[in-house]
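Written out below as structure tokens is the structure these notes cover.
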Amino acid sequence: MAANKILIADDESRMRKLIKDYLRRDGFDVLEAADGMEALAQFDLNPDVSLIILDVMMPKLDGYGVLKKIREKSHVPVIVLTAKSEEEDALEGFTAGADEFVSKPFSPKVLVARVKALINRDTGDKSKDTGAKPLQVGEIILDENAHTVTANGRDVTLSVKEFELLAYFMRNKGIALSREKILNSVWDYDYFGDARTIDTHVKKLRSKLGDCGKYIHTIWGMGYKFEAEE
């Protein structure tokens, strides 16, 4: 079986080399891009990449611009890197469709662990037919085997994390879920997030689900409950 292919886009050659060396030790095939436009070109040439690591501050086109272009045609998992510390940067990344957010400086070993977790979850969900029936709540149908979602008969395109969040909501329909419980259940074991991470994803989900977005009910001061309108 071919090694999983990772695309690293960062204008700092030393940073690319550091990440590349750690990934290659774990058997990954690594592609590199030094700016945003090169990242898009590499992705067009290698649409089979398993994951993309994107730096925010890049010449020609920044990481968020690259991410938005990629999300127009692919659900590939994306980890966003930034040297900035403000929480708003993470929220912007999640809004653009990022699956994980890592602030510099970071531990290369932790980054590799996140890469593995995202790839294993993504490929496991898509390549293995669990025999589970599609989930349906109201007019929303989610098929975990085919990795598809329809709302009111319309195909809905979701990022990996949005898909997982919606599946979690649907499996727990009618149950009040705290933000902490959602973070612990949907995000990785080593993810350090806050309530606004959840709120940002819920906002995106509601928008993409159209009229069915009203199924996600806010429980003020606690979290959310997912159920179809009676």
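The values are calculated or read from the model by the stated rules, or taken from the named source; none is laboratory data. On a predicted model such as this, the values are computed, not experimentally measured, just so you know. All Cβ positions, glycine included, derive from the backbone under ideal geometry; neighbour counts span all protein chains shown. Accessible surface areas use protein heavy atoms only, side chains included; no ligands, DNA or RNA. Shrake-Rupley method; radii C 1.70, N 1.55, O 1.52, S 1.80 Å.
To keep it simple, each residue is scored yes or no on (1) within 18 Å of the chain's Cα centre (by Cα); (2) open to solvent by less than 50 Å² (accessible area, probe 1.4 Å).
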site: T157; (1), (2): yes, no
site: N184; (1), (2): yes, no
site: T197; (1), (2): yes, yes
site: K203; (1), (2): yes, no
site: L209; (1), (2): yes, yes
site: G213; (1), (2): no, yes
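Do any helices (runs of 4 or more DSSP H) entirely within the range 13-82 hold 2 or more residues that are farther than 23 Å from L158 by Cβ, and if so, which? If you could, list the steps in order and put the result at the bottom.
Values: elements: 13-25, 36-45, 63-71.
Output list reads 13-25, 36-45.
With respect to (1) modelled with pLDDT of 65 or more; (2) loosely packed, with under 12 Cβ neighbours inside 10 Å; (3) part of a helix (DSSP H, G or I), the lone exception for A132 is condition (3). I'm trying to understand the selection: among the residues of the range 72-90, which are open to solvent by 80 Å² or more (accessible area, probe 1.4 Å) and modelled with pLDDT of 70 or more? Selection gives E72, K73.
Yes/no matrix, rows are residues, columns are (1) charged (D, E, K, R); (2) open to solvent by less than 10 Å² (accessible area, probe 1.4 Å); (3) at positive phi; (4) modelled with pLDDT of 90 or more:
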residue: L142; (1), (2), (3), (4): no, yes, no, yes
residue: A146; (1), (2), (3), (4): no, no, no, no
residue: L166; (1), (2), (3), (4): no, yes, no, yes
residue: A176; (1), (2), (3), (4): no, no, no, yes
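So, in the range 91-101, of the ones that are in a helix (DSSP H, G or I) and open to solvent by less than 40 Å² (accessible area, probe 1.4 Å), which residue ends up modelled with the lowest pLDDT? Don't jump to the end; show me each part of the working.
Our first condition is that a residue be in a helix (DSSP H, G or I); within the range 91-101, this holds for 91-96.
This time we only want the ones that are open to solvent by less than 40 Å² (accessible area, probe 1.4 Å), so: 91, 93-94, 96.
Values: L91: 65, G93: 68, F94: 70, A96: 73.
Once the filter is applied, the top-ranked residue is L91.
Look at the range 100-119: where a residue is without any contact (Cβ under 8 Å) to a residue 40 or more places away in the chain and a partner is part of a loop (DSSP other than H, G, I, E, B) and buried (at least 19 other Cβ atoms within 10 Å of the Cβ), sitting 6+ places away or on another chain with Cβ atoms under 9 Å, you get F101/G193.
Among the residues of the range 1-33, those that are in contact with a Pro (Cβ under 8 Å, 6 or more places away or on another chain) and among the aliphatic types (A, V, I, L, M) comprise L18, I19. Once the range 55-65 is narrowed to residues that are more than 15 Å from F101 (Cβ to Cβ) and among the hydrophobic types (A, V, I, L, M, F, W, C), the residue that is most open to solvent (accessible area, probe 1.4 Å) is L61.
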